[in-house]
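To keep things clear, I will list the structure first and then write my remarks on it.
A short reminder: the numbers here are calculations on the coordinates, not readings from a lab. Predicted model, so just to flag it, every value in this text is computed and none were measured. Cβ: placed from backbone, ideal geometry, glycine included. Neighbour counts: every protein chain shown.
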Amino acid sequence: MADFQSAERPLNRKRWTRQAGADCNGCKSAIRQSETLRYNRQNVRLLSFDIHLDSSPKPETLGCGFANQDQRSVCMKVSISTSVHNLHPDLGLKKAFTLIELLVVIAIIAILAGMLLPALSKSKYQGSRSVCISNIRQQHLSQMMYADDNKGRFPKHDDPSPDYHRSPATGAQSIVNAMQGSYVPNSWILICPITSKSFGKLWPMYRSPSARDPGYGGWDTKEPHVYTPYMWLANYPGMRFVSLSGSTDPNALDKEPAWPNTAEECDSSRAFITHRISDTPGTALWDVGHLGRHGAGTQSKPLWAFSITPDQPVGHADGSVKIRPKSQIKKRAVGAAGGNTSYYY
Ligand SMILES: [Zn+2]
């Protein structure tokens, strides 16, 4: 057993014991002392490294403790002084943190972040999806209440596309005019939370996000054209429904069930509320909601190329909501203004 004495004035009254070949218990004892030293002097930090900073003729790396200046050595089992130069000015270590310490900390943070972030983003999406499902249910209720009060009929919906709730074609008879402030008391149920990072955050008072087409806006505006991230399918005329094999043959056995025209037709097989994923030849793709964003690219890429979530909810006419994964989202209807826009859900 040998004794070391610190070179620092406040420390040199203490004697630091180093045990050659010390076992863990011996180390712990010394660690405690060096921790004390750190708190007292702010000049020693602990790391779990074996380190031997030494200029002595006979270094001993086993054991714990601090060498004194006379022996010109620092032998630490678990201690690195980040300001070792306080003890040994001629070692030339000036920085408060060594590069290795910094890298270790960064690596640990990166590992923790890598473990936590996917879980966080997944649960965040599930929260958004819950809000979306709640929105769909409330929109379903709104429409059914309206139909109840109007002999089972829904408002006029002869707009350019099922996501329009008003257009010059419907005007005063439009969904917006018929339901604003009454059957839809809270306009925010009309925005899917997934869009809230894009045009949705201005909802419902936004005007056309592109600014190239004035006259388009959100539910609470006076714009002649009003649309939302959700398509309302009921009472929308002139659609051709596509079978799962891609056929629009009206007699195809696996044809997509038609959208309901009246409340009486609102059964579980028919789609009722979807997000807008549509493709009009010669225009930009629309892919709002869970699978993309406003103005999502071009026809040279599949609609899903812009997908930001793995699935999206589809509201059915009986009020049920199904989560449909990306792989099951297919072209299910063709029509609307111009007659050749495809709708996917
Ligand atoms: Zn949504």
#### Entry: Distant-in-sequence amide H partners of R324 (H built 1.01 Å from N, under 5 Å)
Q312, V314
### Summary
Going through K156/K331; K124/K326; K122/K322; K156/K326 one by one, the pairs whose alpha carbons sit over 28 Å apart turn out to be K156/K326
### Message
Going by amide H atoms built from the backbone, whose H comes under 5 Å of the H on Q180, apart from near neighbours?
### Response
none
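Calculate the FRET efficiency for L120 and I100 from the Cβ-Cβ distance with a Förster distance of 35 Å, rounded to the nearest 0.05. Can you show the working numbers first?
Details: r = 29 Å, r/R0 = 0.84.
It comes out at approximately 0.75.
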### Query
Taking H as built 1.01 Å from N, whose amide H comes closer than 5 Å to the amide H of M231, not counting residues under 5 places away?
T274, H275, R276
### Task
Starting at the first residue of region 97-111, write each ³J(HN,Hα) from the Karplus equation 6.51 cos²θ - 1.76 cosθ + 1.60 with θ = phi - 60°, in whole Hz, x for Gly and Pro.
10, 7, 4, 4, 4, 4, 5, 4, 4, 4, 4, 5, 4, 5, 5
### Query
What ³J(HN,Hα) values, in whole Hz, does the Karplus curve 6.51 cos²θ - 1.76 cosθ + 1.60 give for region 164-181 when θ = phi - 60°, with x put for Gly and Pro?
7, 10, 7, 7, x, 6, 10, x, 5, 8, 5, 4, 4, 5, 7, 10, 4, x
